[in-house]
Amino acid sequence: MLLSACIIVLLGLMLFNSGIVTSEKMQLQNAADAAVYSVSTIEARDLNFTAYTNRAMIANEVAIGQLVGLMSWAAHFASVGPFMNLYFNPILSALEAGTLGIASFFTVPMRVLIQVLTSVGATIRSGVQAITSPVVPVVAAINKAYSIAQRSFHLVSFMFSVFALDEMLKQNTDGAQLSGFGLVALIGHFVTLYGIPPVDNPFVTSYSQNAVEPEQKAGMERLASIVNASRDPFSMNRYDPVSPFSQGAAGGWSFPLFPPYPLPAIDFTAQIEIPVPSWLGGGSCPDAWNCLFSLSFHFQIAMDRNGGTDLRYVTNGNRQLYNWSAADTTAMNAHIGFDLWVFGAHLLDIAFSGGPPLGIGGAQAGRATGAQRAVVGGVGPDPSMLPDFAGGDVSSEMYGGSPGISSLAWLWTGLPMGVSQSAYTYNIGRGYPGLPRYNDTKPGPDPIDITTGTLGFEAPYLMIGLIKESDNIGHSRSKGRFGLTSEHAADQIGVISKSEVYFSRPNDLSYFARADGKVEYGSGFNPYWQARLVDTTYLDRLSALLIQQRQLYLPSLPLGPVIDDITNLMDLLP
């Protein structure tokens with residue numbers, strides 16, 4: 001009985017000892033889980049704040065584009081009276097001289113109408129300019145404040161993460177500390193997240209238009225494309241939902257004059273095709289080799305109203321400085337198209353659209369002085385406001401298609417000035433600093449793909465290792481006859497834990513789901529970032545065993561000196 005009692009007591013003490021170690025290990029694991037989850041939660045909040053501020057800055061930039069578009073529209077309306085005077089004044093003067101004043105019953109009302117249109121247009125233009133000019137710098141200043149708040153919150157999140165890590169360790173267990181492995185992994189995570197010190201392709205990058213690096217320019221171009229895609233219909237192409245001659249999504253309106261409305265345009269197509277089966281290589285006219293002859297002709301005269309507002313960069317030295325510019329035109333245009341194909345060869349292609357302008361307007365918001373001068377126009381830096389067919393930088397599709405539809409209006413050199421000079425003259429944002437500095441995540445369709453990480457702790461993943469010395473474990477503090485000790489690896493117990501910041505827009509709730517049903521990926525513009533714990537990989541656990549627990553299951557290899565060097569190095573770490 002005494003012998004059995006001793007065995008039972010020893011077994012009880014061993015069970016108690018194992019329970020203490022297990023409890024300590026669970027508390028240490030809970031502390032590690034709470035620490036990484038808390039830090040990832042702070043980082044998710046930072047990314048959501050970044051997304052909200054980025055969206056706010058985009059909305060403000062679109063508002064500036066709307067103001068520039070309104071100024072361009074007002075300048076366009078103000079030019080209608082001068083254009084009518086330019087065209088009709090010689091005719092009215094000739095009528096008055098030829099009829100000895102008899103035609104005054106017609107010429108006088110026309111002159112009054114022209115004068116009224118000129119005065120009303122000038123008043124509207126001055127009023128719009130008086131309203132828009134002071135608003136643009138205010139909106140730009142708000143964006144500057146958003147930009148500063150975003151970057152400040154990002155940096156403060158780093159300090160919050162350090163405080164949260166320390167607080168979680170204190171609240172969940174006693175005597176726990178970061179291992180050398182955990183410290184290296186934590187530093188690696190912060191470096192790859194914040195890019196301090198600079199590393200290639202950090203998870204969060206700050207982009208500025210004042211930078212000259214290709215990556216910075218690409219980041220600003222990405223923001224500019226998002227802003228342009230976010231424009232309202234009026235800013236994009238002067239979408240007109242009211243006019244019966246509206247061109248719908250194409251923007252603007254077109255009123256046919258010849259053939260008279262509602263007759264269609266004159267279209268003619270003649271084709272002669274040699275029938276050849278498709279399995280012998282035959283095709284259909286006009287670009288197939290068996291198309292003997294194909295001729296197409298199109299003609300129409302119409303009054304076209306087109307315009308739009310674009311965000312573009314101005315090349316100044318080796319920098320890209322962003323500028324809002326707008327243009328509006330109304331012209332009496334002839335639309336002519338002529339195509340000739342012979343045996344699938346395109347021999348002749350004539351396409352012309354243009355005519356005398358009836359109204360021209362332009363406006364912009366760009367810094368007008370200093371090293372960051374970013375105005376456009378005939379006397380401004382690149383890009384030129386001339387269309388591409390005249391050696392400029394404006395494509396036919398820009399500004400609501402106005403350069404391609406009303407080409408002569410863009411080359412107008414009479415009075416009033418052409419679009420290029422008007423855009424330079426009406427600068428309602430002479431101090432507009434351009435696009436604000438902003439933060440964004442890694443570019444790509446899915447920046448948080450786990451296969452992109454090789455070390456396990458690169459952002460958005462976070463991994464830490466905690467250790468607790470054997471002397472701080474409950475059973476080791478028991479002194480006396482029944483005090484038992486356990487042989488722990490490196491005289492300590494250790495754990496590792498891993499978390500991630502991930503993006504997930506809930507599609508199962510109609511309030512959050514996208515209306516178009518498309519999948520949304522994580523970026524610095526989408527605010528559905530969250531935190532979660534994730535499984536550690538075999539590489540993570542092997543690295544922890546090797547470095548943190550100092551164990552390597554390769555006894556047959558002569559690695560003793562290497563292990564000793566690693567042990568000595570780890571002893572130098574806290």
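The values are calculated or read from the model by the stated rules, or taken from the named source; none is laboratory data. Predicted model, so just to flag it, every value in this text is computed and none were measured. Every residue, glycine as well, gets a Cβ built from its backbone with ideal geometry; the counts of neighbours run over all protein chains shown. For accessibility, only protein heavy atoms count, side chains too; no ligands or nucleic acids. Shrake-Rupley method; radii C 1.70, N 1.55, O 1.52, S 1.80 Å.
In the range 352-364, the residues that are without any contact (Cβ under 8 Å) to a residue 60 or more places away in the chain form Cβ pairs under 6 Å with partners that are among the polar types (S, T, N, Q) and surrounded by fewer than 24 Cβ atoms within 10 Å (Cβ to Cβ), at six or more places apart or across chains, as follows: G354/S407. Residues that are over 22 Å from D339 (Cα atoms) and assigned to a loop (DSSP other than H, G, I, E, B) were ranked within the range 272-287; the one that is modelled with the lowest pLDDT is G281. Of all residues in the range 58-81, those satisfying the criterion of being within 17 Å of the chain's Cα centre (by Cα) and open to solvent by 10 Å² or more (accessible area, probe 1.4 Å) are I58, A59, N60, V62, A63.
Of all residues in the range 493-519, those that are modelled with pLDDT of 90 or more have Cβ atoms under 6 Å from Cβ atoms of residues that are open to solvent by 100 Å² or more (accessible area, probe 1.4 Å), 6 or more apart or on another chain, in S499/Y37.
Reported count of residues in the range 168-186, each being more than 16 Å from S497 (Cβ to Cβ) and at pLDDT 85 or above, is 1. With respect to the conditions (1) in a helix (DSSP H, G or I); (2) open to solvent by 60 Å² or more (accessible area, probe 1.4 Å); (3) over 25 Å from R367 (Cα atoms), I102 lacks only one, and its number is (1).
Among the residues of the range 385-408, those that are in a helix (DSSP H, G or I) and under 15 Å from I360 (Cα atoms) comprise Y399, G400, G401, S402, P403, G404, I405, S407, L408. Scanning the range 429-458 for residues that are modelled with pLDDT of 65 or more, open to solvent by less than 20 Å² (accessible area, probe 1.4 Å) and touching a Phe, Trp or Tyr at 6+ places or on another chain (Cβ under 9 Å) returns G429, Y432, G434, L435, P436, Y438, N439, D440, T441. Among (1) in contact with a Phe, Trp or Tyr (Cβ under 9 Å, 6 or more places away or on another chain); (2) surrounded by 14 or more Cβ atoms within 10 Å (Cβ to Cβ); (3) of a type in the set (A, V, I, L, M), where does A211 come up short? Every listed condition holds for A211 apart from (1). Pairing residues of the range 241-252 that are without any contact (Cβ under 8 Å) to a residue 40 or more places away in the chain with residues that are open to solvent by 60 Å² or more (accessible area, probe 1.4 Å) and in a loop (DSSP other than H, G, I, E, B), at Cβ distances under 9 Å and at least 6 apart in sequence or on separate chains, gives F245/Y261; S246/Y239; Q247/Y239; G248/Y239; G248/P241; A249/Y239. Selection within the range 201-222: residues that are more than 19 Å from H154 (Cα to Cα) and assigned to a loop (DSSP other than H, G, I, E, B). The member of this set that is nearest to the chain's Cα centre (by Cα) is Q209.
Taken over the range 245-265, the residue count meeting the criterion of being open to solvent by less than 70 Å² (accessible area, probe 1.4 Å), part of a strand (DSSP E or B) and within 18 Å of G354 (Cα to Cα) is 5. Being closer than 30 Å to L193 by Cα, open to solvent by 50 Å² or more (accessible area, probe 1.4 Å) and of a type in the set (D, E, K, R) is true of E167. Kindly establish whether D339 is out of contact with any Ser or Thr (no Cβ under 7 Å at 6 or more places or on another chain), charged (D, E, K, R) and open to solvent by 30 Å² or more (accessible area, probe 1.4 Å). In short, no. Given the criteria buried (at least 17 other Cβ atoms within 10 Å of the Cβ), closer than 22 Å to A145 by Cα and of a type in the set (A, V, I, L, M, F, W, C), does V39 qualify? Judged against the criteria, V39 is not a match.
Cβ-Cβ distances below 8 Å connect the following pairs, each with a first residue in the range 198-221 that is aliphatic (A, V, I, L, M) and at pLDDT below 90, a second residue that is assigned to a loop (DSSP other than H, G, I, E, B) and open to solvent by 80 Å² or more (accessible area, probe 1.4 Å), and a separation of six or more residues or different chains: V212/N318. Restricting the range 294-321 to residues that are of a type in the set (S, T, Y) and surrounded by fewer than 24 Cβ atoms within 10 Å (Cβ to Cβ) leaves a set whose member that is modelled with the lowest pLDDT is T315.
Report yes if some residue within the range 80-95 is part of a loop (DSSP other than H, G, I, E, B) and either on the phi > 0 side of the Ramachandran plot or of a type outside the set (V, I, T) (or both); otherwise report no. No, the conditions are met nowhere in the range 80-95.
Restricting attention to the range 214-244, and to residues there that are open to solvent by less than 40 Å² (accessible area, probe 1.4 Å) and among the acidic types (D, E), which single residue is nearest to Y502 (Cα to Cα)? Top of the filtered list is D232.
Pairing each residue of the range 21-45 that is touching a residue at least 60 places away in the same chain (Cβ under 8 Å) and farther than 15 Å from D166 by Cβ with any residue that is in a helix (DSSP H, G or I) and open to solvent by 30 Å² or more (accessible area, probe 1.4 Å), provided the two are 6+ apart or on different chains, yields C-beta distances under 6 Å for N30/N172. Evaluation of V562 against the conditions (1) of a type in the set (A, V, I, L, M, F, W, C); (2) at pLDDT below 75; (3) open to solvent by less than 70 Å² (accessible area, probe 1.4 Å) shows that the sole unmet condition is (3). Selection of the range 223-271 for residues being hydrophobic (A, V, I, L, M, F, W, C) and under 36 Å from the mean Cα position of the chain (by Cα) yields L223, A224, I226, V227, A229, F234, M236, V242, F245, A249, A250, W253.
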